[in-house]
Amino acid sequence: MNDKSPALSGSLSLVMIFAVLCLTIFAALSLLTSKAELTLTNRWADSVAAYYRADSEATALAASLMSEDSGERRIDYAVPIDENRVLSVRLRIIGTDIEIQEWKPVHTGDWSPGTGYRLFEPEE
């Protein structure tokens, strides 16, 4: 039994070193993932807050239009959400009633398509 003891402890040490190394790598990956998720969550929260600020402005403007009784008319306006989006609003006003025909965020930033990948090259 004493003859096998050094080999057993050596292989056990290698297994322990491997296990600690794997756990360290998984811990580092978890830390990086949680930091990326926090950044994404903060960006999402800022985006939602900006949308609701624009929504509040658009609602206040629509409410101010309700007070005027001037027959039937259609009003289109846009409230900026951020540098790339606006809240597009289309209202139909009949007396003191408002019918919302459109109330949606619209992307206004520049977009350029990618060059794409040639995945298939047919033989000629």
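A short reminder: the numbers here are calculations on the coordinates, not readings from a lab. Computed from a predicted model, the values in this text were never measured in an experiment. Virtual Cβ from ideal backbone geometry, glycine too; neighbours counted across all protein chains shown.
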Practice item. Among the residues of region 74-124, count how many are touching a residue at least 12 places away in the same chain (Cβ under 8 Å), of a type in the set (S, T, Y) and farther than 23 Å from S47 by Cβ. Key: 1
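Does region 31-52 contain at least one residue that is in contact with a helix residue (DSSP H, G or I) (Cβ under 6 Å, 6 or more places away or on another chain) and surrounded by 11 or more Cβ atoms within 10 Å (Cβ to Cβ)? Walk me through it before giving the result.
Of region 31-52, the ones in contact with a helix residue (DSSP H, G or I) (Cβ under 6 Å, 6 or more places away or on another chain) are none.
No - not one qualifying residue is present in region 31-52.
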